[in-house]
Amino acid sequence: MTQSRAGKTIKVSVSLNKADVAALKRHAREFYDGNLSAAFSDAARWIRQQEARRRLIDKLGGPTLTPEAAAAIDDEQRGGPRYEPKKSRRKRAA
């Protein structure tokens, strides 16, 4: 059940597994001086951004990233070889 609060916030009660609570608390300590509400707010903002990206992608005609390109990006982020586009040969001026 939610409870009315002053301003733009509402109070909620949630049940989470211990590992998730620990991660939120670490995030709160590191970025918000231990303010757990701010960490939850940060997580909610991330979810809203993901939803907005999905809506934009759908509006633009859907995803165009191929599974192969996604795998190459993932490999590069893990420290694998970088994608190097083929260099076009320059034609000599006559």
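The values are calculated or read from the model by the stated rules, or taken from the named source; none is laboratory data. Quick caveat, the model's predicted, so the values are computed rather than measured. Neighbour counts run over all protein chains shown; Cβ positions are idealised from the backbone, glycine included.
Can you tell me which residue is modelled with the lowest pLDDT among those in the range 1-10 that are farther than 18 Å from ALA44 by Cβ and outside any strand (DSSP E or B)? Steps first, answer last, please.
To start, the set of residues in the range 1-10 that are farther than 18 Å from ALA44 by Cβ comprises 1, 4, 6.
The next check asks that each one be outside any strand (DSSP E or B); those that pass are 1, 6.
Working: MET1: 53, ALA6: 62.
Taking the candidates together, the pick is MET1.
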> Applying the selection to the range 11-49, what residues are surrounded by 10 or more Cβ atoms within 10 Å (Cβ to Cβ) and among the polar types (S, T, N, Q)?
Replying inline: ASN35, SER37, SER41, GLN49
> Are there any pairs, at least 6 apart or on different chains, whose C-beta atoms fall under 6 Å, with the first in the range 62-77 and free of Cβ contacts under 8 Å to residues at least 24 places away in the same chain and the second in a loop (DSSP other than H, G, I, E, B) and surrounded by 10 or more Cβ atoms within 10 Å (Cβ to Cβ), and if so, which?
Replying inline: ALA72/TYR83
>> Tally up the residues in the range 11-43 that are among the hydroxyl-bearing types (Ser, Thr, Tyr) and in a loop (DSSP other than H, G, I, E, B), please.
In response: 2
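Which of the residues spanning the range 38-66 are small (Gly, Ala, Ser) and modelled with pLDDT under 90?
Of all residues in the range 38-66, those small (Gly, Ala, Ser) come to 38-39, 41, 43-44, 52, 61-62.
Matches in the range 38-66: GLY61, GLY62.
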